[in-house]
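Read the structure below first, then the notes.
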Amino acid sequence: MPIPALTTSGVPPPFVGDTPTDPAQTAPFAVSFGELANRFGSTPHRWRLLQGLAAYRAALRQVGVTAGFQWVDGSFVEDAEALRNRPPADIDVVTFAAPPPGMAARAFRDSYPALLDPRQAKARFGCDAYWVDLGLGAHRPDLLGVPARYWYGLLSHQRASALWKGMLQIELDSDDEVVMRPPPAPGDPNAAQA
């Protein structure tokens with residue numbers, strides 16, 4: 001399914017169709033990195049944020065986090081320029097993945113603060129980044145419900161207005177190299193529009 005059109009409120013819809021009864025038609029919408037870039041990389045600033053997200057994803061893979069997915073949300077997937085009269089400041093991303101093989105969750109957090117501490121990830125990659133340990137579900141699947149419920153509830157609503165909205169989901173193994181090409185030129189009629 002392609003990324004749904006933004007609603008008249010300038011946000012991704014929480015579902016497409018008449019009712020939210022078909023899981024395939026509800027957020028988070030599964031997309032590739034290329035689809036994210038083509039849709040929301042409409043300015044040089046947005047393109048730089050995408051390059052930061054690609055670098056963040058590459059850094060995760062370099063330390064052994066290769067399987068999992070990310071929920072991408074925030075003003076980056078909204079029409080922030082019209083809604084807030086400014087471009088998005090960062091990309092909100094929650095990574096759902098197990099720690100690298102042979103590494104406990106606490107050791108992973110302690111060893112890679114630039115990836116797992118939101119302040120450091122934002123400074124280095126331009127990502128407001130968080131992590132959910134899918135390893136929690138190996139022996140106790142019920143333990144995944146709490147963080148999944150928290151992040152879905154938080155990301156599926158605008159902070160200021162509580163407007164219900166959608167988000168996107170990208171597999172960690174995707175076509176990130178798409179952002180290695182030059183960013184769109186300002187005013188380029190072929191550039192994607194948020």
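General remarks:
- Selection of first residues in segment 122-147 that are more than 19 Å from Asp110 (Cβ to Cβ) and free of Cβ contacts under 8 Å to residues at least 12 places away in the same chain and of second residues that are of a type outside the set (A, V, I, L, M) and assigned to a helix (DSSP H, G or I), restricted to Cβ pairs under 9 Å at least 6 apart or on distinct chains, gives the following pairs, ordered by first then second residue: Leu143/Gly137.
- Candidate set: segment 101-116, residues that are buried (at least 16 other Cβ atoms within 10 Å of the Cβ) and not in a helix (DSSP H, G or I); chosen: the one nearest to the chain's Cα centre (by Cα): Tyr112
- Long-range neighbours under 8 Å by Cβ, at least six apart or interchain, first residue without any contact (Cβ under 8 Å) to a residue 60 or more places away in the chain and farther than 18 Å from Ala37 by Cα within segment 3-18, second surrounded by 16 or more Cβ atoms within 10 Å (Cβ to Cβ) and not polar (S, T, N, Q): Val16/Pro4
- Some residue of segment 176-193 being touching a Ser or Thr at 6+ places or on another chain (Cβ under 8 Å), more than 19 Å from Val94 (Cβ to Cβ) and modelled with pLDDT of 90 or more: no
- The residue of segment 27-44 that is farthest from the chain's Cα centre (by Cα), among those that are more than 14 Å from Val178 (Cβ to Cβ) and surrounded by fewer than 17 Cβ atoms within 10 Å (Cβ to Cβ), is Pro44.
- In the set Thr66, Thr95, only one residue is β-branched (Val, Ile, Thr) and surrounded by fewer than 22 Cβ atoms within 10 Å (Cβ to Cβ); that residue is Thr66.
- Helices (runs of 4 or more DSSP H) fully within segment 22-97 counting 2 or more residues that are in contact with an Asp or Glu (Cβ under 7 Å, 6 or more places away or on another chain) and over 14 Å from Cys127 (Cα atoms): 33-40
- Test: residue in segment 155-173 that is in a helix (DSSP H, G or I), within 22 Å of Thr66 (Cα to Cα), out of contact with any Cys (no Cβ under 7 Å at 6 or more places or on another chain) and of a type in the set (A, V, I, L, M, F, W, C): no
The values are calculated or read from the model by the stated rules, or taken from the named source; none is laboratory data. These figures come from a predicted structure and were not determined experimentally. Using ideal geometry, Cβ is built from the backbone for each residue, glycine included, and neighbour counts are taken over all protein chains shown.
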